[in-house]
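The values are calculated or read from the model by the stated rules, or taken from the named source; none is laboratory data. Since the structure is predicted, the reported quantities are computational estimates derived from the model, not experimental observations. No Cβ is skipped: glycine too gets one built from the backbone with ideal geometry, and neighbour counts run over all protein chains shown.
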Amino acid sequence: MRSLVILGLVAGLAACGSKPADNAPAQGTRYGLGTPASDSLIRAMDIDIGPDGAGLPVGQGTVADGGTLYQAQCAMCHGAKGEGMEPAFPRLLGRVPAAEDFTFSSDPKLPHTIGNYWSHATTLFDYIRRAMPHTKPGSLSDDQVYALTAYLLAMDDVIADDATLDAAALRAVKMPYADRFVADDRAPGKP
């Protein structure tokens, strides 16, 4: 009896995985791991924007265009007026008077909204360009990103409601609490 059980187990194990799955890659398939990145691939990925605006692309967008785009692409997650849908989709807009004391490190109730907590408007542009919309990040044109950035800054009373943003105008935006941030002076790789 014991021999029969062992024989059955061996036969069962031999049957497992004997045929590759229908969706298994073909023998010898290469995935390009370790392949040097081409210049065009590097250029496509090298889209970072510095706090000083270095790397901003050509383009422009208006507050009005940004409002239309926001309602179509952003309101479903961030709310019609930027109020957010916590905890998954944070509040974007609304400066808080208590933030005047800049007590973010000690008061977790203060929202990290654009006007309260972002030190550079160029960082907002960079974040939208890379990460939004949530369902298809990186799909917006540069003009659309300028427009959304203009709309969000205007809704938080950082720029005028009739403003048009381009690279020069965005570099000139002074965020409300920019002077409250302390530069990280640690050497790279040091705690």
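Being part of a helix (DSSP H, G or I), among the small types (Gly, Ala, Ser) and in contact (Cβ under 8 Å) with a residue 40 or more places away in the chain is the filter here; which residues of segment 127-147 pass it? Steps first, answer last, please.
Residues of segment 127-147 part of a helix (DSSP H, G or I): 127-131, 142-147.
So of that shortlist, the ones also among the small types (Gly, Ala, Ser) come out as 131, 147.
Scanning segment 127-147 gives a single hit, Ala147.
Can you name the number of the only condition in (1) within 19 Å of Tyr177 (Cβ to Cβ); (2) surrounded by fewer than 18 Cβ atoms within 10 Å (Cβ to Cβ) that Leu93 fails?
(2) is the only condition that Leu93 fails.
Could you tell me how many of the residues in segment 55-76 are without any contact (Cβ under 8 Å) to a residue 12 or more places away in the chain and loosely packed, with under 11 Cβ neighbours inside 10 Å?
Final tally of qualifying residues: 1.
Does segment 169-183 hold any residues that are surrounded by 16 or more Cβ atoms within 10 Å (Cβ to Cβ) and assigned to a loop (DSSP other than H, G, I, E, B), and which are they?
Val173, Met175, Pro176, Tyr177
Quickly run through segment 101-126 and pick out the residues that are at pLDDT below 80 and β-branched (Val, Ile, Thr).
Selection gives Thr103 alone.
Go through the residues of segment 148-158 one by one and say whether even a single one is of a type in the set (Phe, Trp, Tyr), within 20 Å of Ala178 (Cα to Cα) and assigned to a loop (DSSP other than H, G, I, E, B).
No, segment 148-158 contains no residue that is of a type in the set (Phe, Trp, Tyr), within 20 Å of Ala178 (Cα to Cα) and assigned to a loop (DSSP other than H, G, I, E, B).
Only one of (1) assigned to a loop (DSSP other than H, G, I, E, B); (2) farther than 15 Å from Val158 by Cα; (3) out of contact with any helix residue (DSSP H, G or I) (no Cβ under 7 Å at 6 or more places or on another chain) fails for Ala72. Which number is that?
(1)
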